[in-house]
1. Please sort by residue number the trypsin sites (Lys or Arg not before Pro) in region 55-153 whose DSSP state is loop and whose Cβ has at most 16 other Cβ atoms within 10 Å.
2. Which far-off residues, 5 or more places away or on another chain, put their amide H under 5 Å from the one on SER291, with H placed in the peptide plane?
3. Could you derive backbone 3J(HN,Hα) for region 166-181 from the dihedral phi with the Karplus parameters 6.51, -1.76 and 1.60 (θ = phi - 60°), listing whole Hz in sequence and x where the residue is Gly or Pro?
4. Quick one: which residues, 5+ away or cross-chain, put their amide H under 5 Å from the amide H of LYS37? H built at 1.01 Å from N.
5. Return the calculated 222 nm mean residue ellipticity for the chain, to the nearest 500 deg cm²/dmol, obtained by summing -39500 (n - 2.57) across DSSP H runs with n ≥ 4 and dividing by the residue count.
6. Loop only per DSSP, at most 11 neighbouring Cβ atoms within 10 Å: give me the trypsin sites (Lys or Arg not before Pro) in region 205-314, ordered by residue number.
7. Most mobile of ALA20, ALA96, ALA183 per a Gaussian network model of the chain (Cα springs, under 10 Å)?
8. Multiply the residue gap between ASP73 and ASP222 by 0.36 nm, knock off their C-alpha separation, and tell me the result in nm, one decimal place.
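The values are calculated or read from the model by the stated rules, or taken from the named source; none is laboratory data. Source: prediction; values computed, not measured. Please note: Cβ atoms are built from the backbone with ideal geometry, for glycine as well, and neighbour counts cover all protein chains shown. To get the accessible areas, we keep the full protein, side chains included, count just its heavy atoms, and leave off ligands, DNA and RNA. Shrake-Rupley method; radii C 1.70, N 1.55, O 1.52, S 1.80 Å.
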Amino acid sequence: MRHFTSVYDLPNLPDAIKAAQEIKSNPYGFQHLGKNKTMVLIFFNSSLRTRLSTQKAAMNLGMNTMILNVNQDGWRMESELGVVMDGDKPEHMLEAIPVIGRFCDMIGVRAFAGFENKDDDYSEKILNQFIKYAGVPIISMEAATRHPLQSFADHMTIEEYKTKPRPKVVLSWAPHPKVLPQAVPNSFVEWMRQTDYELVVTHPKGYELEKSFIGNVKVEYDQNKAFEGADFIYAKNWSSYAEYGEILSMDKSWTITTEKMGLTNDAKFMHCLPVRRNMIVSDEVLDSPSSIVVDEAENRVYSAQTILKLILEG
Ligand code: SN0
């Protein structure tokens, strides 16, 4: 595997899940692979789990890591081609990216949707510049349209907790005060479509995900109906795709409560974190034994480590 930007980059998904489980039981078994190898992690946006779990994954494989928070520590970076650089961005990505590539063996990049231009976001303008100019493998640590390391950990977590071969997994929109990307839900749906789980997506009208991500997955606009018989509730807020980057609803009747969880088949509650309490989900649900958000976050290490190992192996 050369780059990792979506589930489609994996040579084989069931094998990758198996590998992640093996790594979880023996995390230090492949330290020779990363000897004298360096990973640079570049952040254009904030991070807690992705940063620490990816760094830990690299360390478990014997690699060194270097971290750059572009907007705090670096020069502000221009990404437009052919511009006169007379503004507040002293560095162009055309130089910065290949220079970083000379300093390391792989690069992790976090670059969220900018919400200025839908086409720029959905063409993954920044991530693709890294792929084009770095000369080393690129790992997406959440780009404009996907968060594949998260989806991998989500899949691994469902495999650990499922009590039947084909669990019902429900992705539910929930209210949030800020404009959030569609990357997590896009990526989750795209990844889940590669499994044989029963997948249902529920959200208010106007929050339909972009066509290529949702495919022919069932969308149920009645959240209560969607929750019936669910084995996993995966909560997430996102902003509208059709009315790009707009908040169309803050309807608190979509917040995940104990009553709503009562409609399910004793479902486990999942969220990628950070999660806003009593907006997305009530304290009571998040603090209950049904919540597996911390186990889900722990699996970020092993899923990332599986990806880095596949890349180190070429
Ligand atoms: C990001 C998102 O894509 O929704 C990262 C999730 C892994 N989440 C946020 O930016 C949350 C920010 C907030 O204000 O709650």
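1. ARG76
2. PHE269
3. Computed from phi, the couplings for region 166-181 are 10, x, 8, 10, 10, 8, 10, 5, 8, x, 7, x, 10, 6, 10, x Hz.
4. Those qualifying (amide H under 5 Å, at least 5 residues apart or on another chain) are ASN64.
5. -10000 deg cm²/dmol
6. Sites meeting the loop and neighbour criteria: LYS205.
7. ALA96
8. Answer, rounded to one decimal: 49.1 nm.
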